[in-house]
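Data first, discussion second: the structure below is written as structure tokens.
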Amino acid sequence: MRTAKDFFAPLAVGAPAPLREMPARPSRAIHFFDPGNEKMAAKVPAMVGTTDVLLGNLEDAVKAENKEKARNGLVKIGQEVANLGSASGPTQFWTRINSLDSPWVLDDLTTLVPAIGDKLDVIMVPKVQGAEDIHYIDRILAQLEAKAGITKPLQVHAILETARGVANIEEICAASPRMQGLSLGPADLAADRRMKTTRVGGGHPGYLVREDAPRDAEGNSQIDAPRAIFQQDLWHYTISRMVDACAMHGIFPYYGPFGDIADVVGCEDQFRNAFLLGCVGAWSLHPKQIAIANKVFSPSVEDVTHARRVIAAMGDGTGAVMLDGKMEDDASVKQCKVMVALAEELAAIDPELKKQYDAISVEA
């Protein structure tokens, strides 16, 4: 058993001190790219500043014969692209390494940390099963940081892609001070759960609630009559559990991929559901999804205006007031402060949002 004091001690002599609080940095869109694909890699410099996170993917989307090329391509990008990554850059620099049971993951870590560990912000770990996976990564990163003279601890992000991972979600969140957040991995999770869907995220037309059948004058059900159908969200339970676990441990939840690139309307709906439940961002598999995520995971001017009005009307935050016919109290103020704090964080990196939020006028 580790004591609380041990938890915040470096796991290797010379490694940087662990973070005591995970910094809240805007990460509305985590945009995936293949660093071994020359066309994709060439676009990275121009994307710095246009998306909150650029993630060099080394795992599933990269063929086995291209693993080394992708790894070397990521090192080249980290060394040559200006203003990418580290605390000062406008765009965070993440990578998704190969799974811990693969033959490539050790080379991923021993290559990336010494070469670009000072630029990388977050290491995304796929198919995390339990705390033991995070402990393994934690110790190796500390050793590599110490050897390379890295002065800031790399953060770790786990993907929920197995039933066991979801069952162990609280212990995963608590496994290390490096834990930055969790992402939902719907495709692998669906397979592991034996769910009967082949979609990558999003809903399913077969997962529905049908309106009760109307009755005739004699009280007989008319089961063949037209009835409204309401499609349900396959991922509501898992996202809600993920949000609670992350909130409890002071880290951040993310929706994962939405695979139907052409369905921008469905993508926006799914991202908005995740945002309303408490997620701070989502994955982007195509540049058009960056704009969707930036829009959805940014509070609207209407919401920020209302939040500021409530805070102003409540004064010291005690008691209750009536505003536009609705009761607002201390719980309302807490909700509104979450919205205003997020707006301020985003305004600091997004000039267009800053302009919109600065134009808000709240009557005293």
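The values are calculated or read from the model by the stated rules, or taken from the named source; none is laboratory data. Here the structure is a predicted model, which is why all the values come from computation and not from measurement. Cβ sites come from the backbone with ideal geometry, for glycine too, and all protein chains shown count toward neighbours. These area figures cover heavy atoms from the full protein model, side chains too; ligands, DNA and RNA do not enter into them. Shrake-Rupley method; radii C 1.70, N 1.55, O 1.52, S 1.80 Å.
Overview of values
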{"read-out": "Single condition Glu68 does not satisfy, out of (1) more than 16 Å from Glu145 (Cα to Cα); (2) outside any helix (DSSP H, G or I); (3) acidic (Asp, Glu)", "value": "(2)"}
{"read-out": "Qualifying residue in the stretch 22-40 (condition: among the hydroxyl-bearing types (Ser, Thr, Tyr) and in contact with a Ser or Thr (Cβ under 8 Å, 6 or more places away or on another chain))", "value": "no"}
{"read-out": "Selection within the stretch 79-100 - more than 14 Å from Leu58 (Cα to Cα) and either in contact (Cβ under 8 Å) with a residue 12 or more places away in the chain or touching a helix residue (DSSP H, G or I) at 6+ places or on another chain (Cβ under 6 Å) (or both)", "value": "Gln79, Val81, Ala82, Asn83, Leu84, Gly85, Ser86, Ala87, Gly89, Pro90, Thr91, Gln92"}
{"read-out": "The lone exception for Ile349 - which of (1) aliphatic (A, V, I, L, M); (2) assigned to a helix (DSSP H, G or I); (3) under 30 Å from Leu54 (Cα atoms) it fails", "value": "(2)"}
{"read-out": "Scan of the stretch 260-269 for residues that are touching a residue at least 12 places away in the same chain (Cβ under 8 Å) and of a type in the set (Gly, Ala, Ser), ordered by number", "value": "Gly266"}
{"read-out": "Residue match in the stretch 334-346 (condition: β-branched (Val, Ile, Thr) and open to solvent by less than 60 Å² (accessible area, probe 1.4 Å))", "value": "yes"}
{"read-out": "Pairs with Cβ under 6 Å, 6+ apart, first in the stretch 319-342 and under 26 Å from Asp358 (Cβ atoms), second surrounded by 13 or more Cβ atoms within 10 Å (Cβ to Cβ) and among the charged types (D, E, K, R)", "value": "Val321/Glu328; Met339/Asp303"}
{"read-out": "Out of Lys127, Lys147, sole residue that is open to solvent by 40 Å² or more (accessible area, probe 1.4 Å), under 27 Å from Phe33 (Cβ atoms) and either modelled with pLDDT of 95 or more or part of a helix (DSSP H, G or I) (or both)", "value": "Lys127"}
{"read-out": "Subset of the stretch 29-48 (residues that are of a type in the set (Gly, Ala, Ser) and loosely packed, with under 15 Cβ neighbours inside 10 Å)", "value": "Ala42, Ala46"}
{"read-out": "Count of residues meeting criterion [open to solvent by less than 60 Å² (accessible area, probe 1.4 Å) and without any contact (Cβ under 8 Å) to a residue 12 or more places away in the chain] in the stretch 1-17", "value": "1"}
{"read-out": "Pairs where the first residue, in the stretch 231-259, is over 18 Å from Glu161 (Cβ atoms) and the second is modelled with pLDDT under 95 and assigned to a strand (DSSP E or B), C-beta under 9 Å, 6+ apart", "value": "Gln231/Leu208; Gln231/Val209; Gln232/Leu208; Gln232/Val209"}
{"read-out": "Qualifying residue in the stretch 192-201 (condition: open to solvent by 70 Å² or more (accessible area, probe 1.4 Å) and either under 16 Å from His31 (Cα atoms) or of a type in the set (Ser, Thr, Tyr) (or both))", "value": "yes"}
{"read-out": "Output for the stretch 285-323, where each listed residue is in a loop (DSSP other than H, G, I, E, B) and either closer than 30 Å to Arg28 by Cα or open to solvent by 70 Å² or more (accessible area, probe 1.4 Å) (or both)", "value": "Leu285, His286, Phe297, Ser298, Pro299, Ser300, Asp316, Gly317, Thr318"}
{"read-out": "Identity of the residue in the stretch 101-119, touching a residue at least 40 places away in the same chain (Cβ under 8 Å) and crowded, with 20+ Cβ neighbours inside 10 Å, that ends up nearest to Gln129 (Cα to Cα)", "value": "Asp108"}
